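Participant: Please see the structure below; I have some questions.
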Amino acid sequence: MVEVGPLIAAERRALADFLDTLAPEDWEVPSLCPAWRVRDVVAHIVHGPIEPPAGTVLALARGGFRVNHVVAESARRWGQQEPATLVRRLREIVDDQRSPLFVTRTHVLADLITHELDIRRPLLRPRPMPPEAFRITADLMVGVGGPLAVVFARSPRSTVDGLRLVAEDVDWSHGDGPEVRGSAEALLLAITARPVERGELTGPGASTLLTRISRGRRDRV
């Protein structure tokens with residue numbers, strides 16, 4: 001079994017290095033997450049995993065246990081910090097082993113990999129998807145359903161149900177049914193119901209997957 005700690009550390013370090021290259025205006029660009037700027041996504045990545053359990057429970061109680069609302073508001077509050085402060089704090093937690101309440105270290109890695117796309121995609125600053133981190137993230141995400149799916153526009157499990165996903169740049173596939181092919185980045189965006197350009201996914205199942213993604217975004221509150 002792959003140890004996710006070193007993967008998380010490597011991704012945090014690489015993200016901090018990337019953030020150091022951003023111009024001031026880049027931090028204000030809307031991310032792929034509704035109502036979050038780039039700086040808010042970074043703040044969530046930095047503070048989410050290290051929020052004390054008591055603080056999480058208190059925030060949920062104050063927010064009426066509306067998970068998406070509480071997570072969104074927390075990120076916007078943390079995002080008021082200066083970019084340099086956020087990058088410094090990200091570097092400080094590179095090797096931190098904590099996880100948010102109710103989730104595992106694997107979830108921390110998946111959250112990090114997915115949210116980096118939320119940052120890079122609108123900035124038009126792609127990078128090769130790290131293969132091992134992608135495989136772990138994708139394997140986790142395709143199984144997310146039920147109560148755990150509340151933070152997604154659409155349940156990832158229902159999004160990909162009955163389809164076979166095949167990554168063209170990483171050794172990874174999942175499921176049975178009409179095939180959908182694409183880059184690891186495009187597939188992860190699709191699994192998590194984020195916007196994907198039609199030409200990024202091919203195969204007989206691509207139109208079905210794109211329709212499900214579109215419906216999920218439209219139905220999101």
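Participant: What percent of all Cα-Cα pairs in region 80-201 falls into each 10 Å bin, going from 0 up to the bin containing the maximum distance?
Facilitator: The percentages, shortest bin first, are 12, 42, 34, 11, 1.
Participant: Given charges of +1 on the Cβ of Lys and Arg and -1 on the Cβ of Asp and Glu, with all other atoms neutral, how large is the dipole of region 71-221 about its Cα centre, in debye to the nearest 20?
Facilitator: The calculation lands at about 580 debye.
Participant: For Val144, what residues show an amide H to amide H distance below 5 Å, using hydrogens built from the backbone and excluding near sequence neighbours?
Facilitator: Arg157
Participant: At 0.36 nm per residue, and after removing the present C-alpha to C-alpha distance, how many nm does the segment from Arg127 to Ala10 gain when stretched out fully?
Facilitator: Full extension of this stretch gives 40.7 nm more.
Participant: Now for a different question. If I stretch the segment between Ile50 and Ser173 completely, what's the gain in nm (0.36 nm per residue apart, minus their alpha carbon distance), one decimal?
Facilitator: Values: separation 123, 0.36 × 123 = 44.28 nm, distance 3.25 nm.
Here the segment from Ile50 to Ser173 would lengthen by 41.0 nm.
Participant: Take Glu197, Glu73 and order them by how many other Cβ atoms sit within 10 Å, fewest up front.
Facilitator: Numbers: Glu197 10, Glu73 15.
With the sparsest Cβ surroundings first, the list reads Glu197, Glu73.
Participant: Can you sort Leu210, Leu123 by how many other beta carbons sit within 10 Å, fewest first?
Facilitator: Listed from fewest to most nearby Cβ atoms, that is Leu123, Leu210.
Participant: Here's a follow-up. Sort Leu163, Leu90 so the one with the fewest other Cβ atoms within 10 Å of its own Cβ comes first. The partial results should precede the final answer.
Facilitator: Details: Leu163 23, Leu90 19.
The order, fewest Cβ neighbours first, is Leu90, Leu163.
Participant: Need one number: nm distance between label points at Arg215 and Asp139, each 7 Å from Cα along Cα→Cβ, rounded to one decimal.
Facilitator: Reported label-point gap for Arg215 and Asp139 is 3.0 nm.
Participant: I want to make sure I understand the PRE zone here: with the label point 7 angstrom from the Cα of Ala84 toward its beta carbon, which residues in region 10-34 have backbone N atoms less than 13 Å away?
Facilitator: Of the residues in region 10-34, 24 have backbone N under 13 Å from the label point off Ala84.
FYI, it's all coordinate maths here, none of it is from the lab. Every value quoted in this text rests on a predicted model; they were computed, and no experiment measured them. Here the Cβ is made from the backbone with ideal geometry for all residues, glycine too, and neighbour counts use every protein chain on show.
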